[in-house]
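So the structure is just underneath, and the comments pick up after that.
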Amino acid sequence: MCIKNRLASLREKHTALDMGILQLQKGAGHNSLELKKLKKEKLRIKDEMSRLKNSLSKTAPVEQPEPSSAVVHQLPHRVESSEQQVAA
């Protein structure tokens, strides 16, 4: 499975778990064991999503920024004579 597809699938599961947690919390006398289980699974999915995003950013080609049309500041070019180089 492609990393982007896996991320999309994990996002859907993460959202569904979030909704399930909210529904469970709204219910009277909610099951704390089930709530812990859902929260733990949601955290596991979030961690996996982070790992996949990191691996995706490491494998993506680095784009070089385009030179802007703004004024480019250049350092003045200084040429030292051979006498100045010896003195230093």
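Can you name the residue in the range 1-40 that is within 20 Å of the chain's Cα centre (by Cα) and in contact (Cβ under 8 Å) with a residue 24 or more places away in the chain and is also surrounded by the most Cβ atoms within 10 Å (Cβ to Cβ) among such residues?
Looking at the filtered set, the residue picked out is H14.
Working only within the range 7-40, note down all residues that are under 30 Å from K58 (Cα atoms) and touching a Leu at 6+ places or on another chain (Cβ under 6 Å).
Answer for the range 7-40, where residues must be under 30 Å from K58 (Cα atoms) and touching a Leu at 6+ places or on another chain (Cβ under 6 Å): L7, L17.
Throughout, read-outs are computed from the coordinates displayed, never taken from laboratory work. On a predicted model such as this, the values are computed, not experimentally measured, just so you know. So basically every Cβ, Gly included, is an ideal-geometry build from the backbone, and we count neighbours across all protein chains shown.
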